[in-house]
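All remarks here apply to the structure that follows.
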Amino acid sequence: MNKEPTYVIVGASLAGATAAQTLREHGFAGRIVLIGDETELPYERPPLSKGYLLGTDERAKIYVHEEFWYAEHAVELLLGRRVTLLDRVAHQVELDTGERIGYTKLLLATGASPRRLRLPGADLEGVHYLRRVEDSDRLRDTIRAGGRIVVAGGGWIGLETAAAARESGCDVTVIDPQPAPLVAALGSEMGAFFARLHRRHGVDQRLSHGVSEIRGTGTVSGVRIDDGTEFAADAVIVGIGAMPNIELADQAGLSCDNGIVVDEMLCTQDPDVYAVGDVANSYRPFYGGHLRTEHWANALHGAPVAAQAMLGQRVAYDKLPYFFTDQYDVGMEFSGWIGPGGYDRLVTRGEVAGQAFHAFWLADDRVVAGMQVNLWDDGIAPVEELIRSRQPVDPDRLADATVPLTAHVMV
Ligand SMILES: Cc1cc2nc3c(=O)[nH]c(=O)nc-3n(C[C@H](O)[C@H](O)[C@H](O)COP(=O)(O)OP(=O)(O)OC[C@H]3O[C@@H](n4cnc5c(N)ncnc54)[C@H](O)[C@@H]3O)c2cc1C
């Protein structure tokens with residue numbers, strides 16, 4: 001009998017490839033099998049709606065590791081293979097080829113998939129979703145051709161692709177049922193900041209309206225919204241959120257609730273099965289509750305914790321949520337979590353109109369989230385320190401850009 005421990009990772013993307021790297025860095029000498037249903041080497045997705053979409057970032061730049069790295073670190077990379085079954089009793093996963101692979105420990109890093117539009121015309125040619133590199137390739141060809149683009153959804157994907165399409169010379173209309181874009185993520189005030197940014201760059205925004213129909217015969221020719229207005233369109237980009245890929249875990253009887261439920265070591269209720277990245281709803285000690293985020297940094301920082309936990313180390317994943325975006329001449333970093341309790345005050349510091357400022361979301365005078373726009377000298381670290389301190393702040397002093405951010409944390 002083969003006694004060599006085998007660690008299997010399902011999902012060959014940022015979280016999966018980073019976990020494989022950490023296993024080797026921490027001296028794991030057993031077998032590592034990294035299985036992904038995409039045919040591309042594991043890659044990072046943020047460029048797909050930014051530089052890669054615009055054609056300014058080369059394909060080679062998106063990969064987590066170069067191809068030789070996997071062989072050099074004895075990571076068996078099975079690409080273009082889908083895991084169809086998790087058999088926890090036999091400690092095996094089954095591939096779409098019918099082959100079964102036994103595991104000692106298993107990491108589910110299956111990510112998320114775009115939420116689909118379900119309305120008339122949603123299957124027409126010219127309706128785009130953006131998750132995979134081939135989606136970005138197709139969309140790049142579309143926006144390079146110019147024309148009229150309608151974006152359904154004013155979230156991160158919607159706004160970033162709207163910016164790329166404008167920069168490529170398209171006419172762009174964004175439609176969102178909320179009164180401002182990004183309301184769910186940032187609230188109305190900072191949603192309004194992004195609305196102004198896009199207006200300045202010529203994006204037509206139809207807010208407080210939903211798409212009711214995509215029109216066309218075979219191919220998209222227009223979009224109708226819920227008040228009956230119609231827009232001509234050569235293509236539609238749908239960015240209405242993503243759903244965690246929980247099917248394997250769910251069928252295997254693992255606890256799933258807005259993702260695969262895991263503890264602070266990213267372990268499910270089965271001590272041999274872990275989950276990480278977009279698919280994991282993990283317990284965060286700082287918040288005293290579970291949180292699922294679909295952020296690049298969550299995959300990057302969660303994966304090493306999962307890998308170390310699989311090796312039996314006592315670790316906890318307790319990073320604050322962190323997100324970044326680039327749109328036109330705005331680069332932004334956000335940290336924290338506004339949460340179901342929301343916030344009761346927004347404080348800005350610096351030049352909002354000049355696009356160089358901080359914003360802080362306060363609840364009971366404590367900073368629960370913060371972002372920096374085009375202020376890269378200190379980055380997001382002082383904001384995170386403020387959140388972690390949980391100390392009350394004086395909002396007027398916080399707004400005063402002459403007072404260093406570090407002065408608000410008493411040691
Ligand atoms: C276009 C785009 C732009 C983004 N921009 C930003 C940004 O600016 N900032 C930011 O913070 N975040 C951004 N994100 C989010 C970030 O990319 C994700 O949080 C990150 O990719 C999550 O990594 P992951 O490894 O958990 O999952 P994923 O990247 O989703 O990878 C999961 C992989 O598992 C595969 N898989 C699923 N099920 C199976 C199965 N049964 N068998 C085999 N393989 C399977 C999937 O096909 C996929 O390849 C962006 C995402 C997208 C799509």
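The values are calculated or read from the model by the stated rules, or taken from the named source; none is laboratory data. All values reported here derive from a predicted model rather than from experimental measurement. Note that each Cβ is placed from the backbone with ideal geometry, even for glycine, and that neighbours are counted across all protein chains shown. With ligands, DNA and RNA removed, areas are computed over all heavy atoms of the protein, side chains included. Shrake-Rupley method; radii C 1.70, N 1.55, O 1.52, S 1.80 Å.
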Filter on 105/319; 3/319; 50/319 - keep pairs with C-alpha separation over 30 Å: 3/319
Distance between modelled label sites at residue 24 and residue 219, nm, 7 Å Cα→Cβ extension: 4.6 nm
Kirkwood hydrodynamic radius for the stretch 257-302: how many Å is it when counted over pairs of different Cα atoms? 10.3 Å
Using 7 Å Cα-to-Cβ label points, what is the residue 123/residue 391 separation (nm, one decimal)? 6.0 nm
Ranked order, 101, 157 - accessible area, probe 1.4 Å, largest first: 157, 101
For the chain, calculate the relative contact order in percent as a whole number, restricting contacts to Cα pairs under 8 Å that are 6 or more residues apart. 13 percent
Where does the charge balance sit around residue 365 when Lys and Arg score +1, Asp and Glu -1, over other residues with C-beta under 10 Å from its C-beta? -1
So what's the Cα pair-distance distribution over the stretch 212-281, bin width 5 Å, in %? 4, 15, 19, 12, 6, 5, 9, 12, 10, 7, 2
Net charge over other residues, Cβ less than 12 angstrom from the Cβ of residue 79 (K, R count +1; D, E count -1): -3
Among 339, 328, 6, whose Cα sits farthest toward the positive end of the charge dipole of the chain (+1 at Cβ of Lys/Arg, -1 at Cβ of Asp/Glu, about the Cα centre)? 339
Note the full-extension length gain between residue 145 and residue 63 as 0.36 nm times their separation in residues minus their Cα-Cα distance, in nm to one decimal. 26.8 nm
Counting only protein heavy atoms with a 1.4 Å probe and every protein chain in place, the carbon and sulfur fraction of the accessible surface of the stretch 181-296 in whole percent equals 47 percent
Tell me whether the stretch 282-352 comes out rounded, prolate or oblate; compute the Cα gyration tensor, take square roots of the eigenvalues as a ≥ b ≥ c, and use a/c under 1.5 as the rounded threshold. oblate
I'd like to verify something in the chain: which complete DSSP H helices, judged by Cα projection on the helix axis, reach 20 Å or more and average at least 0.0 on the Kyte-Doolittle scale? 183-200, 296-310
What percentage of the solvent-accessible surface of the stretch 1-50, computed with a 1.4 Å probe over protein heavy atoms, is contributed by carbon and sulfur atoms? 49 percent
Please work out the average accessible area per residue across the chain, using the 1.4 Å probe convention, and give it in Å². 43 Å²
Could you pull out the GluC sites (Glu not before Pro) across the stretch 43-123 that fall in loop regions by DSSP (anything but H, G, I, E, B) with no more than 12 other Cβ atoms inside 10 Å? 58, 66, 99
Given the C-alpha centroids of the stretch 331-358 and the stretch 109-173, what is the distance between them in whole angstrom? 27 Å
Would any residue of the stretch 289-324 have its amide N under 12 Å from a label point 7 Å out along Cα→Cβ of residue 257? List them or say none. 289-291
For the stretch 80-193, report the translational diffusion coefficient in µm²/s to the nearest whole number, using Stokes-Einstein at 37 °C, 0.692 mPa s, and a Kirkwood Rh over Cα pairs. 190 µm²/s
Please report the carbon-and-sulfur percent of the accessible area for the stretch 329-411; probe 1.4 Å, protein heavy atoms only, DNA, RNA and ligands left out. 51 percent
For the chain, average projected area of the Cα convex hull in nm²: 21.5 nm²
Simple spin-label estimate for residue 137 and residue 99 in nanometres, 7 Å along Cα-Cβ: 2.4 nm
With all protein chains present and a 1.4 Å probe, how do 272, 227 order by accessible area, largest first? 227, 272
Largest to smallest accessible area among 243, 332, 265 [probe 1.4 Å]: 243, 265, 332
